[in-house]
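K.L.:
I'd like to ask some things about the structure below.
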Amino acid sequence: MANRPMLEIVSLEKRFGTNTILKKIDLKVAEGELVFVIGPSGSGKSTMLRCCNRLEEPTSGDIIVDGRNIMAGTRRDLDRMRLQIGMVFQGFHLYPHMSVLKNVTLAQRKALKRSKVEADARAMDMLEQVGMEHKADAYPGELSGGQQQRVAIARSLALDPKVMLFDEPTSALDPELVGSVLKVMKDLKSKGMTMVVVSHEMGFARETADRVVFMDGGVVVEQGTPDEIFGAPKAERTRAFLSRVSG
Amino acid sequence: MDRFLQTFFNPVVMAQYTPDIIAGIWVTLQIAAAVIIAGIAGGLLLACLRSYRIKTLNFFIICYADIFRALPPLVVILILYFGFPSIGIQLSGPMVLFIVLAATLAAFAEEIFWAGFSSVEKGQWEAGIATGLGFTRTLAYVALPQAVRLAIPPLVNRVLAITKMTALGSAIGVSEILSSATTAQSFSGSATPLTMSVVAYLVIFLPMVIVARWLESRTAWKKR
């Protein structure tokens with residue numbers, strides 16, 4: 001891919017005490033690219049993702065988003081940069097005391113300082129994009145998991161992020177609800193969003209990912225196109241993992 | 001039976017001292033309102049400050065909360081009222097009563113709000129912070145409303161318990177309900193004013209108990 005890098009992870013290290021979770025990770029994600037991260041649990045893939053907006057504080061290394069290092073700068077700079085990094089969680093984390101519309105407008109109003117009119121309009125656009133505009137006045141508790149996750153995606157998109165991070169976005173969903181969320185992600189990809197997805201949805205990876213990264217023990221073991229990784233994995237660890245998950 | 005009625009429900013005494021008791025109700029209401037507002041605001045502020053997890057500050061907040069939850073308010077009231085003038089700090093009775101009860105309520109309210117903050121899911125904070133709200137705005141718009149909602153039932157009970165303690169003002173001559181009643185009792189030699197104080201307290205606090213019940217019943221989130 002010839003595009004400029006939108007997200008660069010440079011020798012990222014994360015330690016908890018003496019336990020090293022991430023060992024000098026390097027990863028470049030180009031503009032419009034969908035990078036799919038797989039690996040056994042405890043491999044550090046979620047930690048890596050959470051370091052990308054400093055929800056988890058890296059021990060060392062740099063995270064560069066569209067040319068700007070989020071490890072440098074003040075706390076305010078960091079909050080401003082976080083607006084450009086959308087994050088979708090396994091547990092949705094919608095605000096239960098706010099309507100769907102309020103969920104999507106809160107950060108627009110309070111962090112981006114958009115007017116109510118502007119924020120509402122943007123929110124409705126985004127809700128439409130994820131097929132949730134009819135639930136704008138509902139509360140999160142009234143929605144299914146799949147619907148909540150789509151609202152959570154809209155909440156991130158409304159801030160016009162440059163890159164979207166998905167941390168196991170479908171792992172908490174009932175199987176029949178997974179499809180609706182994956183479809184939204186696929187639409188997003190086709191619109192040119194830069195995405196990093198940590199997930200176990202191998203079918204989705206095969207179909208949509210530009211690149212698949214296999215992590216284990218805090219390092220990137222192998223990466224390549226879906227065909228390369230799923231069709232002809234080079235590393236023994238990748239083969240072992242894939243045979244385990246495909247059963 | 002006649003003697004019972006004469007003792008507790010003497011109509012002549014009642015008529016004579018009703019204005020005093022009403023004046024007492026007014027004083028009680030004013031002090032109670034001030035205590036509730038200042039105590040809750042103080043407790044909420046302390047709990048918010050505590051959520052920033054600044055070590056030294058939290059040490060002092062926790063010390064304050066623990067000490068004021070442990071001390072009987074009457075002891076502090078007597079120290080402030082009878083002891084402080086000797087070191088040159090002269091406070092009026094109502095002021096002492098207000099300060100001590102508000103400080104006590106703030107200590108309990110801090111712990112209650114803090115428990116509320118602690119039960120807000122970590123993911124709620126992460127969602128706010130990941131969307132660029134930063135800590136303070138996530139606190140204000142995401143965590144606080146949820147913490148307050150969780151805090152309401154225990155808080156209402158504590159508010160009731162502490163505003164009732166305005167009766168301690170009778171120990172330092174604050175002319176609230178109980179004080180007016182005991183004064184009237186010694187002048188009249190009848191227990192009737194005390195009965196009147198019971199009625200007065202019920203008039204004030206029974207509606208509060210009912211409001212408390214109602215608040216508790218409507219604190220659940222909209223659920224599917």
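Readers should treat all values here as calculations from the given coordinates under stated rules, not as data from a laboratory. Please read all numbers here as calculations on a predicted model, not as lab measurements. As a convention, Cβ positions derive from the backbone with ideal geometry for all residues, glycine included, and neighbour counts pool all protein chains shown.
K.L.:
What whole-number distance in Å separates the alpha-carbon centres of segment A:171-247 and segment B:122-181?
P.N.:
Here the two parts' Cα centres lie 48 Å apart.
K.L.:
Contact order normalised by length for segment B:105-208, with contacts defined as Cα pairs under 8 Å and 6 or more residues apart; what percent is it?
P.N.:
22
K.L.:
I've got another one for you. So which residue, out of B:A109, B:A47, B:A171, gets the largest mean-square fluctuation from a GNM of chain B using Cα contacts under 10 Å as springs?
P.N.:
Checking each option, the largest mean-square fluctuation is seen for B:A171.
K.L.:
While we're looking at this one, here's another question. Relative to the longest principal axis of chain A, what angle (0 to 90°, nearest 10) does the C-alpha long axis of helix A:116-129 take?
P.N.:
In chain A, helix A:116-129 runs at an angle near 50 degrees to the longest axis.
K.L.:
I'd like the FRET efficiency for A:A232 and A:S144, computed as 1/(1 + (r/R0)^6) with the beta carbon distance as r and R0 of 30 Å, rounded to 0.05. It would help to have the intermediate numbers written out before the result.
P.N.:
Working: r = 39 Å, r/R0 = 1.29.
Between A:A232 and A:S144 the formula returns 0.20.
K.L.:
Can you tell me which of A:G17, A:G141, A:G32 moves the most in a GNM of chain A? Springs connect C-alpha atoms under 10 Å apart.
P.N.:
Largest GNM mean-square fluctuation: A:G17.
K.L.:
Just to be sure I follow: if Rg is taken over the C-alpha atoms of chain A and Rh is the Kirkwood radius over the same atoms, what is Rg/Rh?
P.N.:
0.96
K.L.:
Note down the magnitude of the dipole of chain B about its Cα centre, charges +1 on Lys and Arg C-beta and -1 on Asp and Glu C-beta and zero elsewhere, to the nearest 20 debye.
P.N.:
Numbers: 15 positive and 9 negative charges, 182 e Å.
Using Cβ point charges on Lys, Arg, Asp and Glu, chain B gives about 880 debye.
K.L.:
Mind checking which of B:L49, B:L71, B:L101 has the largest fluctuation in a GNM of chain B, springs on alpha carbons under 10 Å?
P.N.:
B:L71
K.L.:
Here's a follow-up. So what is the 222 nm mean residue ellipticity for chain A from helices alone, if each DSSP H run of at least 4 adds -39500 (n - 2.57) and you divide by all residues, rounding to the nearest 500 deg cm²/dmol?
P.N.:
Calculated from helices alone, the mean residue ellipticity at 222 nm is -10500 deg cm²/dmol.
K.L.:
How much net charge surrounds B:L44 when only the other residues with a Cβ under 14 Å from the Cβ of B:L44 are counted, with Lys and Arg +1 and Asp and Glu -1? Mind dumping the intermediate values first?
P.N.:
Values: positive: B:R50, B:R149, B:R158; negative: B:E110, B:E111.
Overall, the nearby charge balance is +1.
K.L.:
Helices from chain B with mean Kyte-Doolittle at least 1.0 and a Cα length along the axis of 15 Å or more, per DSSP H: which?
P.N.:
Membrane-span-like by this rule: B:11-51, B:93-119, B:144-163, B:192-217.
K.L.:
Dividing the convex hull volume of the Cα atoms of the protein assembly as shown by its residue count, what figure in Å³ per residue is obtained? Walk me through the numbers before you get to the answer.
P.N.:
Details: hull volume 98.1 nm³, N = 471.
Normalising the Cα hull of the protein assembly as shown by residue number yields 208 Å³.
K.L.:
Sticking with this structure for a sec: Please arrange A:F16, B:F9 by how many other C-beta atoms lie within 10 Å of their C-beta, fewest to most.
P.N.:
So the ranking, lowest neighbour count to highest, is A:F16, B:F9.
K.L.:
Also, quick follow-up: So what are the radius of gyration and Dmax for the Cα set of segment A:1-54, in Å?
P.N.:
Using the Cα atoms of segment A:1-54, the pair Rg, Dmax is 12.2, 39 Å.
K.L.:
State, as an integer percentage, the relative contact order of segment B:14-116 based on alpha-carbon contacts under 8 Å between residues 6 or more apart.
P.N.:
RCO, segment B:14-116: 48 percent.
K.L.:
Could you compute the net charge surrounding A:A158? Neighbours are other residues with a C-beta less than 11 Å from the C-beta of A:A158; K and R count +1, D and E count -1.
P.N.:
Net of charged neighbours comes to 0.
K.L.:
In debye to the nearest 20, how big a dipole does the protein assembly as shown give about its Cα centre with +1 on each Lys and Arg Cβ and -1 on each Asp and Glu Cβ?
P.N.:
About 340 debye.
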